[in-house]
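All remarks here apply to the structure that follows.
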Amino acid sequence: MEQVAGQSRRELWHEPGLVAVLWLLLLFTLGSSAMIGWGLQNVPQGVGLLLLAVLLYVVPGLALLKLWPDNALTWPERLAFAVGISIGLPPLLLQTAYLVGLPWSRWITWAYVLIALGVLLAPYRRNPRQRLAAMTLSPAISSHALLLGGLLSVALLTRLFVIRDLPVGLWGDSYHHTMIAQLLVENRGLFSSWEPYAPLVTFTYHYGFHANAAFLHWFSGISIPKSVLYVGQLINFAALTSAYLLTARLTKSRQAGLWAVALTAFANTMPAYYVNWGRYTQLTGQVALPAVVICWMALLEHARLSKGRLALAVIVTASLMLTHYIVTIFAALFVGVYVLALLLRTPTWPTLRSVVPRSILGAGLALIVAAPWLWNTLGGNLTRNVSGFVTQSVSQERISTISALESIVPNYVNPAILVLAALGFGLALARRNWRIGLCLAWSVLLILVVVPYVFGLPGAGVIAAFTSYIALYISVIPLAAYVLGLLAERLSAWRPFVGALVGIGALVAVSVWGVRWQEQLIDTQFQLFTPADERAMEWIRESTPPDARFLVNMFPAYGDSLVVGSDGGWWIPLLTHRQTTLPPITYGSERAATTGYAKQINSFAKSLRDDPLPSDEGIALCREAGIRYIYSGAHSEQIDKFDVEKLRESPALNVVYEEEGVVIFEILP
């Protein structure tokens, strides 16, 4: 009977086409027909984008993994590891190019990819048979790889489907992300001046995501707004491979890694929901984070200090420092806990003599590599803003708002996943699996770092509760996947055919359920820039003089310290090269060409709130500021929106454009 069951299971696994067809039928019949149809219509574009992504965000990492001194990684782990390494290389390369005075370009990007391919394909000098065997795919693709590939394929299709109709990224962050990527391309690398888009003269923002978007543009010719969208969703997809890598390495279970992908891709709101905020810079750091963690685990645990492990740890850590400052802190929290666990498990002099010097050496070298950029950050207002929270010169009300803790469920972590994570920690204790158990300590630290005053430390508000909460999936899901992975392994050992059937069925069911709610993931309240705004930009380019200046909808944010846009008018400088009254939100962290620039922006906005248009005082303010046009966008849920009907009645204004909710007024002389 067991032989028959085993044979049935093998037959089931040897029919991947049948499983794939049934999977697609379920997706099609249970509400995903539009996505499947769209995917079939765009197969060439999808395959092309995937090929570009592999060459840019997999091949370089695989080439660097030749530094890895052993073959302990499975192929799925190796590929996931390569992704985490690859997305950290563009910011590091741009820093290096800037230091040596090399302008980056399309041809250098192609050379970078070709060199990576050459290194990857070149034979090893040491132990060539053993190393080449490790780098060669097995002719028989495992059932695990097929199922993992199926989950990733469905997830990638879903993430591309939800952005199919978007002209640019969503919400406020996407504007300055797109502008930074555009400036990297126009300046052929790192820059200081934000002209012609804003009168800012420093650039201190973490730029890992923007560098990756610029690399895709250089490599493919895709426009920067579209590159930002594509790279953002590709990185959202890469969060799944990172979840697999971290979970599989901490649990030593491929099944747990498989469930980590399923839970991250389809069961939890985060990180899929990031698309609504354009929160891609943080997500880029979080994709690189597991690679950093794995490198440090290997560096600290092995008996012999390997130059290859040390080099990789330094490269990925320095890359993360350039990619996202706060995510670097998140990584440091785990590494710190890991070091403490190693010392507590074996509190001996050899352990202390090994772990502590390696930690200091790795961190010190990474800081040296990233030092030029970190020194550059001192030139802007970023350090001033951070010190404001430390010294409490920022209003206590704003600090309290930023660091206020709220419920984790259901917006940040699915309740079922949280329950499974609690069970996973108990299971880790029972089985003495201390590595996966550290995820609980990491989760707690991710919350406590928001409220350092619990330990009597300053700095509340430096890391917002929101920033930590949306990252909790990284540390919570591995614990939940640990439980499900162990159940799958036990069931397969007891009844192989039943285990295979239940395992496939459960994973497919989770993916089908996840696709259904993710198809409606885009929330229109976050779409500041609509297709109607895109058409209005074309009219502005064709029908207004190059020196035209626009007034756009705006409202105070961040404790009234900044003014931000509330519709597509915010994008006018970037897409039309006309000026507006509102710079990108980074005017609060960068220095301007004129003293008091930020105060001028905020003061002008406050004056208009006190004397709203179309009052005579408001019109006079606009004329004094050199404003010729007023732009009211199509976004339906604006804050402090212009009263368009009252503007129509003003004899000082004339409607010069009106289409699909976008209205442009000209201020008459």
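The values are calculated or read from the model by the stated rules, or taken from the named source; none is laboratory data. Given the structure is predicted, the values throughout are model-derived calculations rather than measurements. A quick note on method: Cβ atoms are made from the backbone with ideal geometry, for glycine too, and the neighbour counts reach across all protein chains shown. Please note that ligands, DNA and RNA were not included when accessible areas were found on the heavy atoms of the full protein model with its side chains. Shrake-Rupley method; radii C 1.70, N 1.55, O 1.52, S 1.80 Å.
Worth pointing out:
- Residues that are of a type in the set (A, V, I, L, M) and surrounded by fewer than 15 Cβ atoms within 10 Å (Cβ to Cβ) within region 393-421 comprise Ala404, Leu405, Val409, Ala416, Val419, listed in sequence order.
- Of all residues making up region 567-588, the number that are open to solvent by 20 Å² or more (accessible area, probe 1.4 Å) and more than 17 Å from Gln527 (Cβ to Cβ): 4
- Residue within region 328-338 that is modelled with pLDDT under 95 and either in contact with a Pro (Cβ under 7 Å, 6 or more places away or on another chain) or open to solvent by 60 Å² or more (accessible area, probe 1.4 Å) (or both) present: no
- Ser632 being closer than 16 Å to Met554 by Cβ and of a type outside the set (Val, Ile, Thr): yes
- Of the residues Leu190, Leu156, the single one that is modelled with pLDDT of 95 or more, open to solvent by 10 Å² or more (accessible area, probe 1.4 Å) and under 25 Å from Val47 (Cα atoms) is Leu156.
- The sole residue among Ala506, Ala493 that is of a type in the set (Gly, Ala, Ser), at pLDDT below 95 and either open to solvent by 70 Å² or more (accessible area, probe 1.4 Å) or part of a loop (DSSP other than H, G, I, E, B) (or both) is Ala493.
- Filtered residues of region 299-313 (kept if open to solvent by 10 Å² or more (accessible area, probe 1.4 Å) and of a type in the set (A, V, I, L, M)): Ala303, Leu305, Leu310, Ala311
- Pick from region 80-124, criterion in a loop (DSSP other than H, G, I, E, B) and without any contact (Cβ under 8 Å) to a residue 24 or more places away in the chain, ranking: farthest from Leu67 (Cα to Cα): Gly101
- Ala548 being modelled with pLDDT of 95 or more, touching a strand residue (DSSP E or B) at 6+ places or on another chain (Cβ under 9 Å), surrounded by fewer than 20 Cβ atoms within 10 Å (Cβ to Cβ) and farther than 30 Å from Arg490 by Cα: yes
- Every residue from region 214-240 that is open to solvent by 20 Å² or more (accessible area, probe 1.4 Å) and among the β-branched types (Val, Ile, Thr): Ile222
- Put simply, of Ala471, Ala509, Ala481 the only residue that is of a type outside the set (Asp, Glu), within 23 Å of Phe237 (Cβ to Cβ) and without any contact (Cβ under 8 Å) to a residue 24 or more places away in the chain is Ala509.
- One residue stands out among those in region 464-478 that are outside any helix (DSSP H, G or I) and open to solvent by less than 10 Å² (accessible area, probe 1.4 Å): the one that is nearest to Trp277 (Cα to Cα), which is Ile470.
- For region 627-669, a residue qualifies if it is open to solvent by 70 Å² or more (accessible area, probe 1.4 Å), under 37 Å from the mean Cα position of the chain (by Cα) and either over 26 Å from Leu170 (Cβ atoms) or among the polar types (S, T, N, Q) (or both), and exactly one does: Ser636.
- For region 438-462, a residue qualifies if it is part of a helix (DSSP H, G or I), in contact with a Phe, Trp or Tyr (Cβ under 7 Å, 6 or more places away or on another chain) and either loosely packed, with under 15 Cβ neighbours inside 10 Å or touching a residue at least 40 places away in the same chain (Cβ under 8 Å) (or both), and the qualifying residues are Leu438, Trp442, Leu446.
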